[in-house]
Structures are given as C-alpha cells and as structure tokens.
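Below you'll find the structure, written out as structure tokens, and then a few comments.
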Amino acid sequence: MDLYEHQARQLFAEHGIAVPRAEVVDNANAAQQAARRLGGRVVVKAQVKTGGRGKAGGVKPAADPAAAALAARGILGMDIKGHTVRTVMLAEPVDIEAEFYVSYVLDRAAGTFLAIASAEGGMEIEEVAATRPDAVARIPVDPAEGVTEGKARQIAEAARLPLEAAPVLSLLWQVLSREDALLVEVNPLVRTTTGQILALDGKVSLDDNAGFRRSRRGADTDDPHGDPLEAEAAAKGLNYVKLDGEVGIIGNGAGLVMSTLDVVAGCGARPANFLDIGGGASARVMADGLSVILSDPGVKSVLVNVFGGITACDAVADGIVQALETVRLAKPLVVRLDGNNAPRGRAILDARAHPLIQQATTMDDAARRAARLADAA
Ligand code: GDP
Ligand code: MN
C-alpha cells in the first residue's frame with residue numbers, strides 16, 4: 001500500500017528524520033488558516049499517490065495566507081496522472097542550498113535491498129538516472145545487517161552526498177525495516193542555506209503482508225478514496241478486485257479465476273471484477289462474495305466457476321443458497337461446479353430451483369451463457 005506524502009513524512013518524523021512543519025487541509029478557507037499558523041509563507045502541495053506533482057503544477061509557493069488560499073483553490077480538484085487532488089498539504093518553506101535523492105527499494109531480482117542515492121536530486125532525477133547513470137549510486141543492503149554508521153558513510157560517499165546526510169540514511173533504513181516497507185524514498189532530501197538536512201518529500205510503500213502488525217495505526221488501512229466495494233470485501237477477508245465490465249466473476253484459486261476472466265473476455269464480454277474465494281472456502285465466504293458482487297451496479301450477470309478441491313462444491317452451493325436469504329437476486333447467475341462433491345452441489349442448486357440460477361457443466365459453456373445474459377440485460 002502506498003502512503004500519501006503527509007503520511008510518509010509522519011513516519012519519517014517518528015523515526016527522527018527532520019521534516020518542515022506542515023498541515024493537511026481539504027479546502028481553501030482551511031488552507032488560509034493553516035498558512036497563518038505556519039507563519040504566513042508556505043508551500044502548497046497536492047496530496048496524491050503519484051510522483052511528478054511539481055511538474056504538473058501541484059506544488060506552489062505562496063507568499064502569505066491569502067495566496068495560500070488561492071493556490072489551494074487551484075490545486076484542489078486538479079487531475080494529476082489520473083489522480084484527483086482531494087487534499088493539499090501546506091508546509092513551511094525552506095531555503096534550499098542543495099537537493100539530494102535517497103531511497104531504499106526491494107530488488108526482487110537480486111533478492112536483496114538496494115540503496116539508491118544521488119547528489120543531484122530533485123524533479124529531474126529520472127533524467128539524471130537515464131542520461132548519467134554514474135551520478136546515481138546503487139549499493140546493495142543486506143537486510144540482516146541493515147544500514148550501520150559505516151554502511152551509511154559508504155552510501156553517502158558513493159553518491160557524493162555531504163557526510164551530514166549519512167545519519168538520515170540510517171534513520172531512513174529504520175523506517176523501511178521497522179515499518180515493514182518495500183520502498184522508502186526522499187526526493188528531495190535537502191541541505192538548507194543554514195546547513196540543516198531536511199526531508200522535503202516522501203514516498204513510502206508498505207508491505208501489505210505485514211498489515212496485521214500495523215493494526216495500531218488504523219488510519220493506514222482505510223483509504224477514503226479507494227473503491228467502497230473493495231473496502232467492504234477486504235473487511236470480509238475476500239480477495240476482490242473491481243474491474244469495469246458487466247460479468248461478475250467468482251472462482252476458487254487465483255489461476256482458475258484468471259482463466260475465467262480470459263474465457264469471459266474471449267466470449268466478447270468484459271469481466272466486472274476478480275473474486276477469488278480461495279481454497280477451503282466455506283459457505284459463509286461464498287455468500288459474502290456473492291453479496292459483494294451483486295452490490296456492484298455495473299454487474300449484469302454473475303458467473304460462479306468452482307473446481308472443488310479442498311473447497312467442496314456442496315459448500316459452495318450452500319453458500320449460494322445462504323446468500324439468497326440475505327440478498328435479493330435480481331441478476332442472472334450461471335454456476336459451473338466441478339470436482340469435489342460436484343453432484344451434491346448441483347443437486348442443492350437444483351432443489352432450490354431459483355428462476356435466475358442456471359447451471360453449466362463446462363467453463364466455456366458457463367462463460368458463453370454469462371456473456372449472453374449480460375449482453376441481453
Ligand atoms: P514531486 O514533484 O511530486 O516530487 O514534489 P516535491 O515535493 O518533490 O516538490 C517538487 C519540487 O518543489 C522540489 O524538488 C523542490 O525543488 C520544490 N520544493 C518543494 N518544497 C519546497 C520548499 O519548501 N521550498 C522550496 N524552495 N522549494 C520546494
Ligand atoms: Mn519529490
């Protein structure tokens with residue numbers, strides 16, 4: 001999960017990395033008041049989970065609170081690479097003497113972490129990396145050893161960063177390791193005209209697999225701008241991804257669900273989602289999954305494709321019958337059950353005899369029917 005800049009800088013501060021004072025607001029009026037509290041002069045920055053805000057006009061200096069309100073009004077609602085700006089951060093301005101780039105990133109190919117650092121940070125870092133790779137140091141970091149004082153000095157020297165920046169390299173490593181992040185980036189890390197080292201921008205991507213260790217920070221898990229159905233599904237422990245099509249898809253096992261998506265697309269229809277009820281799914285999970293899919297207004301038909309293994313088909317059928325008790329089925333459902341206890345599962349659905357439920361024996365046939373039903377709806 002990617003964090004917003006203001007969340008990233010909060011983590012930096014908790015680990016002892018200096019950041020300018022700042023406040024986050026969602027309207028121009030509040031921006032004016034926040035600017036006043038921050039001393040009048042501020043930098044107004046779009047809060048979106050993408051880079052290149054500066055180049056897109058999403059970072060604006062303001063000389064006084066009235067100018068801050070004006071800048072906030074201009075930036076709020078802006079679209080930056082497909083992300084709508086809903087909040088802005090106002091930060092105390094800083095007199096920059098030099099801008100550096102530092103990051104730690106998981107290098108999956110090498111099976112280790114990599115420190116990437118450059119004395120030429122700022123908005124042109126991609127350009128620098130592409131045209132003069134020697135200006136960007138890349139040093140492997142053994143996660144078992146971490147970034148000791150010596151290692152921090154080694155990285156700073158390789159990148160030609162001033163030695164005063166070395167402690168930040170160790171602190172930034174702490175952010176990565178203690179917060180279970182897969183990526184931490186500061187661009188720019190600056191030296192101010194008064195010699196302070198400050199993190200002016202921050203990017204942090206947390207490892208979702210460590211989410212259970214972060215439950216103390218509730219705010220991390222609810223992204224107010226995420227898809228509400230995805231949030232509901234996540235709360236129910238479902239592996240659900242919303243897509244734009246019309247055919248809702250439920251299957252067991254990521255491989256089967258992905259092939260089902262392909263077969264549905266092959267029939268000329270568009271999948272409305274990816275929902276994997278997983279191995280060993282209970283009737284409850286099936287019922288939860290179905291209710292999530294049926295509440296997506298884009299869904300015109302639903303295809304349930306289950307190959308019973310650890311998940312027995314009769315449990316899946318029970319789940320569908322259970323779901324019918326709590327959600328009103330107003331869309332056609334095509335069910336294909338195969339594998340463990342398939343005859344029993346089919347018998348359960350036959351017995352229920354719901355007019356909107358039909359059964360198919362092959363994945364191709366099921367996908368064709370679901371596509372046709374979506375098209376006719
Ligand atoms: P990004 O474009 O999304 O990476 O946004 P940044 O937060 O990195 O801001 C872009 C650029 O704006 C930085 O590289 C700085 O040059 C400049 N900038 C950001 N904050 C300040 C500040 O407080 N003072 C000054 N002088 N420049 C700033
Ligand atoms: Mn930046």
Answer yes or no: is there a residue in region 63-71 that is surrounded by 14 or more Cβ atoms within 10 Å (Cβ to Cβ) and within 16 Å of ligand 2 (Cβ to nearest atom).
-> no
For region 151-163, state whether one or more residues are in contact with a Phe, Trp or Tyr (Cβ under 6 Å, 6 or more places away or on another chain) and over 19 Å from GLN10 (Cβ atoms).
-> yes
Of ALA117, ALA152, ALA129, the only residue that is within 16 Å of ligand 1 (Cβ to nearest atom) and free of Cβ contacts under 8 Å to residues at least 24 places away in the same chain is ALA129
Across region 24-59, what is the number of residues that are of a type in the set (D, E, K, R) and within 23 Å of the chain's Cα centre (by Cα)?
-> 5
All conditions in (1) assigned by TED's automatic domain parsing to the domain that holds PRO162; (2) in contact with a helix residue (DSSP H, G or I) (Cβ under 6 Å, 6 or more places away or on another chain); (3) without any contact (Cβ under 8 Å) to a residue 24 or more places away in the chain are true of LYS60 except (1)
Identify the residue in region 23-46 that is outside any helix (DSSP H, G or I) and touching an Asp or Glu at 6+ places or on another chain (Cβ under 6 Å) and, among all such residues, is farthest from ligand 2 (Cβ to nearest atom).
-> GLY40
Does ARG21 fit the bill of being without any contact (Cβ under 8 Å) to a residue 60 or more places away in the chain and over 23 Å from the mean Cα position of the chain (by Cα)?
-> no
If the Cβ limit is 6 Å and pairs must be 6+ apart or interchain, which residue in region 306-323 that is in contact (Cβ under 8 Å) with a residue 60 or more places away in the chain pairs with which residue that is of a type in the set (A, V, I, L, M, F, W, C) and in a helix (DSSP H, G or I)?
-> VAL316/MET286
Only listed residue being at pLDDT 95 or above, within 16 Å of ligand 2 (Cβ to nearest atom) and at negative phi, chosen from GLY51, GLY58 | GLY58
Taking the stated definitions as given, is LEU189 touching a helix residue (DSSP H, G or I) at 6+ places or on another chain (Cβ under 8 Å) and farther than 15 Å from GLU99 by Cβ?
-> no
Residue in region 113-137 that is surrounded by the fewest Cβ atoms within 10 Å (Cβ to Cβ), counting only those that are under 14 Å from LEU169 (Cα atoms) and within 26 Å of the chain's Cα centre (by Cα) | LEU114
Pick from region 54-68, criterion within 7 Å of ligand 1 (Cβ to nearest atom) and part of a strand (DSSP E or B), ranking: nearest to ASP95 (Cα to Cα) | PRO61
Unique match (being away from ligand 2 (no atom under 16 Å from the Cβ), of a type in the set (S, T, N, Q) and closer than 30 Å to LEU171 by Cβ) among ASN209, ASN239 | ASN209
Does PRO297 satisfy the criteria of being under 26 Å from ALA234 (Cα atoms) and modelled with pLDDT of 95 or more?
-> no
Across region 75-102, what is the number of residues that are buried (at least 19 other Cβ atoms within 10 Å of the Cβ), without any contact (Cβ under 8 Å) to a residue 60 or more places away in the chain and part of a strand (DSSP E or B)?
-> 1
VAL94 under 21 Å from LEU169 (Cα atoms) and either out of contact with any Lys or Arg (no Cβ under 7 Å at 6 or more places or on another chain) or outside the structural domain of ALA165 (by TED's automatic domain parsing) (or both) | yes
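The values are calculated or read from the model by the stated rules, or taken from the named source; none is laboratory data. Values in this document were obtained by computation on a predicted structure and should not be read as measured data. Note that each Cβ is placed from the backbone with ideal geometry, even for glycine, and that neighbours are counted across all protein chains shown.
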